[in-house]
1. Would you list which aspartates and glutamates come within 13 Å of residue 49, measuring only between C-alpha atoms, while excluding same-chain residues fewer than 8 positions from it?
2. Heavy atoms only, 1.4 Å probe, whole protein assembly: order 173, 180, 194 by accessible area, highest first.
3. Using a 1.4 Å probe on the protein heavy atoms only, what accessible surface does residue 23 show? Give it in Å² to the nearest 10.
4. Pop the C-beta distance of residue 104 and residue 27 into the FRET formula with R0 = 45 Å and round what comes out to the nearest 0.05.
5. Quick one: net charge of residue 182's neighbours, Cβ under 11 Å, K/R +1, D/E -1?
6. Place a point 7 Å from Cα of residue 177 in the direction of its Cβ. Which residues in the range 143-168 have their backbone N less than 17 Å from it?
7. So how far, in whole Å, is the C-alpha centre of the range 140-208 from the one of the range 60-118?
8. From the cross-link list 38/174; 14/161; 57/134; 14/64; 25/193, which pairs have alpha carbons spaced over 20 Å apart?
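The values are calculated or read from the model by the stated rules, or taken from the named source; none is laboratory data. What you are looking at is a predicted structure, and each value in this text was computed from that prediction instead of being measured. Glycine also receives a Cβ, built like all others from the backbone with ideal geometry; neighbour counts cover every protein chain displayed. Note: areas computed on protein heavy atoms with side chains; ligands, DNA, RNA excluded. Shrake-Rupley method; radii C 1.70, N 1.55, O 1.52, S 1.80 Å.
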Amino acid sequence: MKLLVNFLPTHKLKADFSKYFFKIKELDDYNYVLALLKFYTAPTVYGRKVGTLINLKSSGRDLKSCWIKHNTAFERLLKLDSIILRCSDDSVLVYLYHPQRLKNRIKDVKIKEFLYEYGYAYECDMRESLNILKQHFNSPSCPCEVGIFLGYPLKDVIAFKEKRCDCKCVGYWKCYSNVWNAKFKFFIYDLLKWIVTRQELNNFKRAYDMT
């Protein structure tokens, strides 16, 4: 793990991420939203992560309307499915997921037992599960079971639900058990975002050079 971090240190990742977000401000709304989606879903598109949650908030740009108008195109380009979990006047909370990975996850016996405690039928299929999750997002707080749909380890989802105080590290989720595995995945997810970032920055540069 240390060798990986030394190969691509955190400050290098953060610097390129900052460049990326600064550069995409120049894009129109459609391409701006697409750039955000490419960045945040990189672990799901390329890294075997089950799904990604992203809040598209309209602040200077009408990102909500852009998503509603173009969601089918975004799904096709990312090769992911999606569902709106919460919608307000100026924002839309979208869950983008890999359908086969999600189907496999909710078929797991321990996962089914956990979700059953939260009102999911034991043999709940993927579509029914997503509809129940959406219903649970009607409450002000974030549903505890959302970590299941994001691919977080069940042990850590349970520990977070129980509000345990022995959290060992924090990244994409709060880790309470297998620290090495969690940190490895945190790094891989960041690495995939960085790869997308570098590719898109190079595309911007080529487009500029051609003008």
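1. Qualifying aspartates and glutamates at Cα under 13 Å: 190.
2. Of 173, 180, 194, the descending order of accessible area is 180, 194, 173.
3. 60 Å²
4. About 0.80, to the nearest 0.05.
5. My count for the surroundings of residue 182 gives +4.
6. Only 145-168 pass the distance filter.
7. One Cα centre to the other: 16 Å.
8. As for pairs spanning more than 20 Å Cα to Cα, those are 38/174; 14/161; 14/64.
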